[in-house]
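Right, one structure below, let's go through it.
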Amino acid sequence: MGKLLVNVFLVTFLVFLGHNVEGLGVNWGDISSHKLPPKDVVKMLQENGIKKVKLFNNDETILNALAGTGIEVMIGISNQLLKDLVNPDVAKKWVKENVTRYEPKSPKGVNITLVGVGNEPFLRDYKDTLTNVTGPALENIQNALNDAGLGDTTKATVPLNADVYLSPSWNPVPSGGFFRADIIDPLNYILKVLNKNKAPFMVNIYPFLSLFYGNGAFPFDYAFFDGVSNPLKDKDGVEYTNCFDANLDTCAAALAGAGYGNMTIMVGEMGWPTDGNNYGNVTLAEKFYKGFVSYLAKGKGSPRRPGNVEAYLFALFDEDRKSTLPGNFETHWGLYYDDGTPKFPLDLHGNKKTLVSVPNVEKLSKKWCVIKPDVKNFTDLMTYACDRADCTPLTNGSSCQSLNDAAKASYAVNAYFQNNQQKDDSCNFEGKATVTTKDPSQGTCNFTIGFKSLTSLSPSPSPLPSSDHSDAKAPSSSSSSTSSSTPKFLAFASM
């Protein structure tokens, strides 16, 4: 692939089984109640040999931590700003404040190589509210980068969902790929801007979601990289043994049909969650990632796009404040737990060295909050705790679904207790909970211990005893300490 692909961040020149795998990166999201110090995270990236990072915003603290490291960085612009960026003057100001001032061409600066203009703006859920502003915003940002003398090294692109292209029902094979008819004009606008500036087409591909939304109809093995007994055969005899190749080549066919058959394709997100669903667990995530790293190491690419593939793994850390509307797995995409420890061994370099943890993370004391044995009514108490902490492991198909009701209530109050940095008044719940030094974890369900975080939220303490009510009352969504954009809608297995 061209020099641009090597330059267009995705994390780590991986040496695996004697191969040098170029173009593997990681997404670093920050929708978390407790964040690790960026400087320590950057140390972890460097120790793991990760050289490319994709951000969803332009957090100043994170960017300052990346300065001088040489790590290639992609920053993001939120969908909410797209309408404003239709004004070229706004775009120029944004580039000056968020790119130029970090001196991306200086060895001491932040090596910003990509700018993501919006994120999946053509999702049908947006009902065309962003359809006609994304292209102009992209063009204005790239023009501003060009005017600032950065256009040769910093490219603007639009991270898109894979639903922008498909194959027809009468020819459901990759070679039949085409772009959705309802977005073809605004998408052509974007393609012209990308092509003119030699910028990549970026798409998010999730084999897990194909399996999740397939409701049993999607072949399980097809989501991985071990091969299948019944491969998908295209009309020209090409066989597909995994859905990643098929998806990538459907995209390639759509680009070719639009007149851009040589445009670089980058995969902006690619990952597997570790909880929140029957398919979302550590075992399958490890299988997926090891298969994908091995796939990249071979350097073969897909049948219609041979060579090295550029892809960002999603994601670096779990993010407990993400919306769970898409599914209860949404808070569990991380290669790492939120405390900076890897979830499973993953050899990125073929040297038998696995992922290392984030340094200098101080775990809290080995103590947990649990329900007292004589408590029988858990519903309101759990609602209160789960409005303020992540209880998705308790949901159907998740790691803690097999717990009895009392144990589930204990998991909920402990999640709240740890989220509050084990403060004394956060394990009370009207006298229904108590602190223990005996680990209450069971089977696949891990009762976590928190870590000291300088960026933690300050949730309210648990309800204290009073004569006015007999159980903890859940507040309205507007008074919840978690973001109102993070709905839970949890469906517990029993209760």
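The values are calculated or read from the model by the stated rules, or taken from the named source; none is laboratory data. Since the model is a prediction, treat every value here as computed from it, not as a measurement. Quick reminder, even Gly has a Cβ in these numbers, built from the backbone with ideal geometry, and neighbours come from all protein chains shown. Heavy atoms of the whole protein, side chains included, go into the accessibility calculation; ligands, DNA and RNA do not. Shrake-Rupley method; radii C 1.70, N 1.55, O 1.52, S 1.80 Å.
When the Kirkwood hydrodynamic radius is evaluated over all pairs of different C-alpha atoms of the stretch 317-356, what value in angstrom, to one decimal, is obtained?
Values: mean 1/r = 0.0886 Å⁻¹.
Averaging 1/r across every pair of different Cα atoms and inverting gives 11.3 Å.
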Once the Cα atoms of helix 131-147 and of the chain are each reduced to a long axis, what angle between those two axes, in degrees from 0 to 90 to the nearest 10, is obtained? 70 degrees
Whole Å is fine, so just give me how far the alpha carbon centre of the stretch 381-396 lies from that of the stretch 293-343. 25 Å
Candidate residues D234, D163: accessible-area rank, largest first, probe 1.4 Å: D163, D234
If I take every Cα pair under 8 Å that is 6 or more residues apart in the stretch 78-123, average their sequence separation and divide by the length, what percent do I get for the relative contact order? 46 percent
Proximal aspartates and glutamates relative to K93, as straight alpha-carbon distance under 20 Å, when same-chain residues fewer than 8 apart are discounted: D59, E60, D84, E103, E139, D147, D152
Rounded to one decimal in Å, the inverse mean reciprocal Cα-Cα distance for the stretch 86-187, i.e. its Kirkwood radius, is 15.3 Å
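Let me spell out the model: positive unit charges on the Cβ of Lys and Arg, negative unit charges on the Cβ of Asp and Glu, origin at the Cα centre of the stretch 106-201. What dipole size does that give, in debye rounded to 20? Intermediate results must be reported in sequence, preceding the final value.
On the way: 8 positive and 9 negative charges, 52 e Å.
Its charge dipole is roughly 240 debye.
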Over the alpha-carbon set of the chain, work out the extent along each principal axis and list the three values in angstrom, largest first. 71, 54, 48
Order K54, K233 by their accessible area, 1.4 angstrom probe, all chains in place, largest first. K233, K54
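Report, in debye and to the nearest 20, how large the dipole of the chain comes out about its Cα centre when Lys and Arg carry +1 and Asp and Glu carry -1 on their Cβ. Provide the component values of the computation, followed by the final result.
Values: 47 positive and 50 negative charges, 186 e Å.
Using Cβ point charges on Lys, Arg, Asp and Glu, the chain gives about 900 debye.
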Please flag any cysteine in the chain that has no other cysteine's Cβ under 4.7 angstrom from its own Cβ. C243, C251
Please give the Cα centre distance for the stretch 151-188 versus the stretch 234-284, rounded to the nearest Å. 12 Å
The chain: antiparallel bridges as % of DSSP beta bridges, rounded to 5, reads 40 percent
From zero outward in steps of 5 Å, how is the percent of C-alpha pairs of the stretch 160-298 spread across the bins? 2, 9, 17, 22, 19, 14, 10, 5, 1
Can you check what the net charge comes to around E72, using other residues whose Cβ is under 10 Å from the Cβ of E72 (Lys, Arg +1; Asp, Glu -1)? +3
Would you work out which of A389, Q421, S402 lies farthest towards the positive end of the dipole of the stretch 361-423? Charges go on Cβ: Lys and Arg +1, Asp and Glu -1. Q421
